Amino acid sequence: MTPEFHRDGRVTLSNPDPIIEKVVGYERFYLAADLGQANDFTAVCLLRDRRIPIYGSSTRQVLGPRERVVVFADRFRGVSYVDIVGHLLELMQRPSVAGRVELSIDATGLGRVVHDMMVEKKIPHHAVQMTTGQNWSRNGQYISVGKTLLVETLSVMFSSGELTFAEGLTLRREIEEDLASFTITTSAAGNQIITQSRSAAGHGDLGISLAIAAFTSQHLRRGVIGQHKLTGYWG
Amino acid sequence: MRGTDVPRMAEKVERLRQTLSPTKFRQEVLVEMLSDGLSYFDLDCIARATNPDVKAFAL
């Protein structure tokens with residue numbers, strides 16, 4: 001049986017048999033933008049996050065494994081912030097993602113201006129500010145995230161196999177070059193910190209936008225209210 | 001002593017392997033002294049991370 005993808009992001013597996021217990025999966029998208037200044041690139045990444053109902057060992061449906069895939073990446077420069085906001089809004093309204101996408105922007109530094117423009121235009125989004133430290137917190141309109149946590153979250157997703165790239169993704173090589181620019185450095189106090197250097201591909205813009213999308217999907221995603229049988233729990 | 005050398009820690013080590021980044025795992029569990037300039041990401045793992053079942057979007 002083929003899963004049915006609803007426009008509100010629900011994914012169901014229909015079965016006329018009333019004895020079959022059904023669960024509702026989801027398909028969501030996370031669009032993230034790292035905003036460039038002057039000659040820097042503005043980078044955009046789109047992540048698809050999906051869990052689809054499958055049949056378990058008995059007559060019950062269960063949620064399949066969570067799968068996150070980078071399905072789109074883009075970057076541009078020399079574009080005004082007004083046009084960037086318009087472009088992001090346009091991307092969110094594309095039929096393949098409309099109604100199921102959450103936008104996050106890097107609101108550090110000049111990104112605050114774009115955040116203010118979006119608030120004025122009533123565009124729902126997460127305004128992520130990168131800070132030092134290893135935690136994250138909500139700070140009024142902003143979400144303060146330690147850069148170490150941001151990078152660590154992305155790294156864990158790749159190493160656990162939960163995050164992959166779609167086949168034929170444009171800028172895949174540039175993203176990998178960006179990620180390679182994150183290195184370990186020992187501070188004067190003797191602490192090991194993550195630093196980022198300018199990569200051959202640019203200034204790490206794509207890597208940061210991907211990290212923000214991954215962080216949003218992991219920590220800021222909307223909760224699901226529902227009732228299911230608890231399985232796989234012990235201890 | 002490395003975490004992987006302690007049998008009673010095996011379950012915990014496997015859990016940490018799933019929840020820590022490869023670099024953090026090498027530092028915290030394998031007790032490796034990592035030198036400056038080392039890439040934070042496991043680049044081989046990222047190079048392999050292609051999902052052939054999903055085609056990139058053309059938005």
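Yes/no matrix, rows are residues, columns are (1) more than 10 Å from every other protein chain (Cβ to nearest Cβ); (2) out of contact with any Pro (no Cβ under 8 Å at 6 or more places or on another chain); (3) loosely packed, with under 15 Cβ neighbours inside 10 Å:
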residue: B:Arg2; (1), (2), (3): yes, yes, yes
residue: B:Pro7; (1), (2), (3): yes, yes, yes
residue: B:Glu11; (1), (2), (3): yes, yes, yes
residue: B:Glu14; (1), (2), (3): yes, yes, yes
residue: B:Thr19; (1), (2), (3): no, yes, yes
residue: B:Val31; (1), (2), (3): yes, yes, yes
residue: B:Asp36; (1), (2), (3): no, yes, yes
residue: B:Asn51; (1), (2), (3): no, yes, no
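Between a first residue in the stretch A:6-18 that is at pLDDT 85 or above and a second residue that is surrounded by 15 or more Cβ atoms within 10 Å (Cβ to Cβ) and part of a loop (DSSP other than H, G, I, E, B), which pairs have beta carbons less than 6 Å apart while being 6 or more apart in sequence or on different chains?
Within 6 Å, the pairs are A:Gly9/A:Arg100; A:Arg10/A:Val24; A:Val11/A:Pro3; A:Val11/A:Ile52; A:Thr12/A:Val24; A:Leu13/A:Pro3.
Among the strands (runs of 3 or more DSSP E) confined wholly to the stretch A:109-177, which include 3 or more residues that are within 14 Å of chain B (Cβ to nearest Cβ)?
A:163-167
Go through (1) in contact with a Phe, Trp or Tyr (Cβ under 8 Å, 6 or more places away or on another chain); (2) in a strand (DSSP E or B) for A:Arg28 and report which single condition fails.
(1)
Any idea how many residues of the stretch A:83-108 are touching a strand residue (DSSP E or B) at 6+ places or on another chain (Cβ under 7 Å) and either among the polar types (S, T, N, Q) or outside any helix (DSSP H, G or I) (or both)?
Result for the stretch A:83-108: 10.
Specify which of the listed residues (A:Leu110, A:Leu91, A:Leu149) is surrounded by 13 or more Cβ atoms within 10 Å (Cβ to Cβ), under 18 Å from A:Gly36 (Cβ atoms) and in contact with a helix residue (DSSP H, G or I) (Cβ under 9 Å, 6 or more places away or on another chain).
A:Leu110
Go through A:Asp49, A:Asp34, A:Asp40 for me and flag whichever is away from chain B (no Cβ under 14 Å), in contact with a helix residue (DSSP H, G or I) (Cβ under 9 Å, 6 or more places away or on another chain) and buried (at least 19 other Cβ atoms within 10 Å of the Cβ).
Going through A:Asp49, A:Asp34, A:Asp40 in turn, the sole match is A:Asp34.
Looking only at the stretch A:178-213, count every residue that is within 17 Å of the chain's Cα centre (by Cα) and more than 7 Å from chain B (Cβ to nearest Cβ) and tell me the total.
Of the residues in that region, 11 qualify.
Touching a Ser or Thr at 6+ places or on another chain (Cβ under 9 Å), of a type outside the set (Asp, Glu), outside any helix (DSSP H, G or I) and surrounded by fewer than 20 Cβ atoms within 10 Å (Cβ to Cβ), is that true of A:Val79?
Details: touching a Ser or Thr at 6+ places or on another chain (Cβ under 9 Å): yes; of a type outside the set (Asp, Glu): yes; outside any helix (DSSP H, G or I): yes; surrounded by fewer than 20 Cβ atoms within 10 Å (Cβ to Cβ): yes.
Against the criterion (touching a Ser or Thr at 6+ places or on another chain (Cβ under 9 Å), of a type outside the set (Asp, Glu), outside any helix (DSSP H, G or I) and surrounded by fewer than 20 Cβ atoms within 10 Å (Cβ to Cβ)), A:Val79 qualifies.
Could you tell me which numbered condition A:Val101 fails, if it satisfies all but one of (1) crowded, with 18+ Cβ neighbours inside 10 Å; (2) free of Cβ contacts under 8 Å to residues at least 60 places away in the same chain?
If we test A:Val101 against (1) crowded, with 18+ Cβ neighbours inside 10 Å; (2) free of Cβ contacts under 8 Å to residues at least 60 places away in the same chain, just (2) comes out false.
The values are calculated or read from the model by the stated rules, or taken from the named source; none is laboratory data. The structure presented is a predicted model; accordingly, all values stated were derived computationally and were not measured. When we count neighbours, we look across all protein chains shown, and the Cβ atoms used for this are built from the backbone with ideal geometry, even at glycine.
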